[in-house]
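Here the structure comes first, spelled out in structure tokens, and everything after it is commentary.
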Amino acid sequence: MKNTILSAVLMVCVMVSGNAQSKKTEAKFSTEQIVANYLALKNALAKDDSNGAAKAGNALYATFKSVNVKSINPKSKAAYLDIADDAKEHAEHIGSNGGNIEHQREHFALLSKDINDLIKTFGASKTLYQDSCPMYDAGKGAIWISETKEIKNPYYGSKMLTCGSMKKQL
């Protein structure tokens, strides 16, 4: 009888310990890989590299698809899903339109708004900057996110590489 009780107590302790351990090792949502792929895309567009932009767009799409939404705080999950649905669509368009850099840039302008919203909601693991080009889209302007203060315009590339300004640090 003592052995049965001792075994039961030991079993409960092991189960509680295992449950606590699994909670510690659960992955937490991070924007790090999403931001890294976005920045690769931005840099390819700034270099007028449509094929590089397509590759980065495909990588960004794959990263969004691989996010475990269970790792996102339930209070923020709806915001993430809204942002991610739009961002995936734009990343997919960019990825499937290598050779059509103007079309890629149109989707990049929309994607940049999504990434900005993502960073506002979930933060980033490094210092980033919100830059702006007032001339893009017939003077309507567009933003992009950058890892440096130096302006390298992804909307006009080599035509007007330094056109734009840093609006704020994120």
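The values are calculated or read from the model by the stated rules, or taken from the named source; none is laboratory data. Quick caveat, the model's predicted, so the values are computed rather than measured. We place every Cβ from the backbone using ideal geometry, glycine too, and count neighbours over all the protein chains shown.
Okay, here's what the table says:
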{"quantity": "Members of region 119-142 found to be surrounded by 17 or more Cβ atoms within 10 Å (Cβ to Cβ) and either in contact with a Leu (Cβ under 7 Å, 6 or more places away or on another chain) or within 18 Å of Asn37 (Cα to Cα) (or both), listed by number", "calculated": "Ile119, Phe122, Ala124, Leu128, Tyr129, Gln130, Asp131"}
{"quantity": "Those residues of region 63-93 which are under 16 Å from Val35 (Cβ atoms) and either in contact with a Gly (Cβ under 9 Å, 6 or more places away or on another chain) or among the aromatic types (Phe, Trp, Tyr) (or both), in sequence order", "calculated": "Phe64, Tyr80, His90, Ala91"}
{"quantity": "Inter-residue pairs, beta-carbon under 6 Å, first in a loop (DSSP other than H, G, I, E, B) and in region 123-146, second among the aromatic types (Phe, Trp, Tyr) and at pLDDT 95 or above, 6+ apart", "calculated": "Tyr136/Tyr155"}
{"quantity": "Elements of type helices (runs of 4 or more DSSP H) in region 1-118, at least 2 residues being surrounded by 17 or more Cβ atoms within 10 Å (Cβ to Cβ), at pLDDT 95 or above and not hydrophobic (A, V, I, L, M, F, W, C)", "calculated": "32-46, 50-66, 74-95"}
{"quantity": "Residues being touching a strand residue (DSSP E or B) at 6+ places or on another chain (Cβ under 8 Å) and of a type in the set (Val, Ile, Thr) - total across region 32-52", "calculated": "1"}
{"quantity": "Unique match (being under 12 Å from the mean Cα position of the chain (by Cα), at negative phi and among the basic types (Lys, Arg)) among Lys75, Lys70, Lys126, Lys65", "calculated": "Lys65"}
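A quick yes/no check of all residues on (1) of a type in the set (S, T, N, Q); (2) within 17 Å of the chain's Cα centre (by Cα):
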position: Ala91; (1), (2): no, yes
position: Ile94; (1), (2): no, yes
position: Ile101; (1), (2): no, no
position: Phe108; (1), (2): no, yes
position: Leu111; (1), (2): no, yes
position: Ala142; (1), (2): no, no
position: Asn153; (1), (2): yes, no
